[in-house]
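Everything below concerns the one structure shown next.
Computed from the coordinates by the stated procedures, all read-outs in this text should not be read as laboratory data. This structure is a prediction, so every number in the text was calculated from the model and none was measured. Glycine also receives a Cβ, built like all others from the backbone with ideal geometry; neighbour counts cover every protein chain displayed.
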Amino acid sequence: MQKSQANNNNAAVRENLYALSLIRGVTLLGQVMALLYFTWVQPIGLPVAEISFVLSVYASLTAAIWLRSRRSVPIGDSEFFIHLLADIAFFSILLFFSGGAGNPFVSYLLIPISIATITLSRGYSIAVAVVALLSYSLLLKYYVAIVAIAPGHHKAVDNSLHILGMWVNFAISAAIIIYFISRMAATLKQQEHEIAIRRDAQLRDEQLLAVGTLAAGTAHELGTPLNTMKLVVDEMLLDTDNQVDLLLLNQQIEQCKTTLKQLHTTAEESQSNQLEAQPVKRYLEKVLARWQLMRPLLKTRIQFNDTPTISAVFHPTITQSILNLLNNAADASEKVDIAISWNAEMATIRIRDFGAGLNADLLETLGQPFVTDKADGLGLGLFLSQATLTRFGGSVSLQNAPEGGTLTQITLPLLTAAAAS
């Protein structure tokens, strides 16, 4: 999920850089047309060679950045911030050669501030505004004077009231943009983030509903073959000497039938809000005992750390989620270590198997439906467990253990009956 968010942010910055390239193109076209007009049609004494050189460099940079924005390369906020600073620098140089702060186009410096406010964090936005204001301030004193741009009282009076008034107006405008527009942009981004979260939750619920419907139909279909197998095994037990294996097979069939019955019971309990609190240790011991019946040949080491006696409410679907993750560990190796601890608010279950570990190529996508690193897996166990635990405020994390195998950590909030309701 974090990788997906990073990809989305990178795509957004790339699109912003592309839009910035288009803005640069429009600005360059205007500057070139103005240079041609005030050089050939109505000359005003502009330093044509210097301005032409700056525009050519700026045009080359704009073309290069446009090509970069069209390629699949990582582009971060820091790089976009640097591009905005480059825009301020190039435009300030153009203003230096064309009248400084007296040039009516000096207000263009508000454009990078506005772009930064909408697209970047407040820290970057403030930095862009400070640089733009500093450039404006320097242009009050350092510039190539153009008589036609500063007629009348602007001609001979440095830092006149009009020019200083323009500077104050620029500073106030920049402050307003940073304060108000940044807050509006942050609110919009927060709303978009919440909408994305709700959309993901809705999609996950729809997937859970689809899988739940499939599970109900599968449970119904499994009932008949299990009953047939049970009858055949019972008859074989009467006529064969290989009692041990048949007894084990009979036990597993009984466990399958019990599981199907519990599926029906869990569905009924899930529709009821009358859940009773029970001691955490007793609940987890029952879950582990049920799992060990399913895995009688597995070597397990279970450790309950020193924990307080606490009672909590556990939704029926949480049990199956824990069992799914335990079964994943049992499928990976013949030995599983389990460490359990909790405090007044949270229970933590650490499951360590000694298998081959997780596939590095699938590590980022594990937990999505139908994604698995097991040859005969369906890719639903981890997805259902993660979705269920997340629904109740818990989480699941998987990582390769340094000594080999996989370490699965389950965190689960301990809710009272009132909180669960």
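For the reader, a short list of remarks on this structure follows.
- Protection proxy ranking, peptides 323-332, 346-355, average beta carbon neighbours within 10 Å, highest first: 323-332, 346-355
- Two-site label geometry, VAL130 and ALA63: point separation in nm, points 7 Å out along Cα→Cβ: 3.6
- Charge sum, other residues only, whose C-beta stays under 14 Å from THR300's C-beta, Lys/Arg counted +1 and Asp/Glu -1: +2
- Order of SER125, SER114 - criterion: other Cβ atoms within 10 Å of each residue's Cβ, fewest first: SER114, SER125
- With K and R counted +1 and D and E -1, the other residues having a Cβ less than 15 Å from that of ALA339 yield a net charge of 0.
- Summing charges over neighbours of VAL280, with a neighbour being any other residue whose Cβ is under 14 Å away from its Cβ, gives -1 when K and R count +1 and D and E count -1.
- Once the Cβ-Cβ distance of TYR179 and ASP306 is raised to the sixth power relative to R0 = 41 Å, the FRET efficiency obtained is 0.20.
- GLU194-GLU254 FRET efficiency (beta carbon distance; Förster radius 41 Å; 0.05 resolution): 0.30
- Under 5 Å from the amide H of ALA312 lie the amide H atoms of GLN278, VAL280, each residue being 5 or more positions distant or on a separate chain, with H modelled from the backbone and absent for Pro and chain starts.
- Label separation (ALA401 vs ARG350): 1.0 nm, computed from points 7 Å beyond Cα along the C-beta direction.
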